[in-house]
Amino acid sequence: AWRALLMQDIVLAAAGTPLAAPAPAAETLAKTFECKNPCQAIPYRVRSAAEQDIVNTYQAIVKATVAHDPAEWGKRVADQFVLYGSGHAPVSKTARLDTIGREKDAGRAETIGEVGTMRLSVYGDAAAMIASEAAPGNAGAPYRATRVFVRRNGQWLMALSAHTDVE
């Protein structure tokens, strides 16, 4: 039985606080974000077939986010998924799907934090991914991202994502 997985201090905002940063200028909206890290490569050496499957799932999730593809994103995320982020209210799977769709409709370029370092531990049908990440070009504060994955019907799904700003 698990006793403790992680302690991460995340100061949450009140419900209704938007997750995204303020909208970028109009000229930024037209630009497409080129996601190399983590979409194409992650600075992590995979040690098992299970780890490779989890990394593939994670990369599919971030590619779907960048492409504004809620259907593809939703296939790889568990129904009980919750996103926690410093200064934001918790976000459910349904709310995140809505946000991905709205960002597509608005023509907003989505950026994904680049992975600096990562650890991945597999515990049977569950796994924990802990990474140090930062916005591309260090445009924002670095943060610690912790993601929990579960394997259901042979498929890895992300069940939780917690992002804590590093100050």
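Sort through Gly154, Gly124, Gly85, Gly137 and tell me the only one that's of a type outside the set (Lys, Arg), over 17 Å from Ala64 (Cα atoms) and surrounded by 15 or more Cβ atoms within 10 Å (Cβ to Cβ). Walk me through how you get there before you give the answer.
Working: Gly154 fails: surrounded by 15 or more Cβ atoms within 10 Å (Cβ to Cβ); Gly124 fails: surrounded by 15 or more Cβ atoms within 10 Å (Cβ to Cβ); Gly137 fails: surrounded by 15 or more Cβ atoms within 10 Å (Cβ to Cβ).
Just one listed residue meets the conditions, Gly85.
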Tally, over segment 133-149, of residues that are at pLDDT below 85 and either farther than 16 Å from Glu110 by Cβ or among the basic types (Lys, Arg) (or both):
2
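For Tyr58, are the conditions met, namely being modelled with pLDDT of 95 or more and assigned to a loop (DSSP other than H, G, I, E, B)?
Details: modelled with pLDDT of 95 or more: yes; assigned to a loop (DSSP other than H, G, I, E, B): no.
So Tyr58 fails the test.
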If I filter segment 42-49 for residues that are of a type outside the set (Asp, Glu), assigned to a helix (DSSP H, G or I) and within 26 Å of Glu103 (Cα to Cα), do I get at least one hit?
no
Can we say Val66 is open to solvent by 20 Å² or more (accessible area, probe 1.4 Å) and within 22 Å of Asn37 (Cα to Cα)?
yes
Checking the condition of a type in the set (Val, Ile, Thr), assigned to a strand (DSSP E or B), open to solvent by 70 Å² or more (accessible area, probe 1.4 Å) and touching a residue at least 60 places away in the same chain (Cβ under 8 Å), which residue from Thr111, Thr117, Thr146 passes?
Thr117
Examine segment 127-135 for a residue that is β-branched (Val, Ile, Thr) and not in a strand (DSSP E or B), and state whether such a residue exists.
no
Per the filter on segment 64-94, residues in contact (Cβ under 8 Å) with a residue 60 or more places away in the chain and not in a loop (DSSP other than H, G, I, E, B) are Val77, Ala78, Gln80, Phe81, Val82, Leu83, Tyr84, Gly85, Val91
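The values are calculated or read from the model by the stated rules, or taken from the named source; none is laboratory data. Keep in mind it's a predicted model, so treat the numbers as computed, not measured. Reconstructed Cβ throughout: ideal geometry from the backbone, glycine too, with neighbour counts over all protein chains shown. Note: accessible area is taken over every heavy atom of the protein model, side chains too, but ligands, DNA and RNA are not part of it. Shrake-Rupley method; radii C 1.70, N 1.55, O 1.52, S 1.80 Å.
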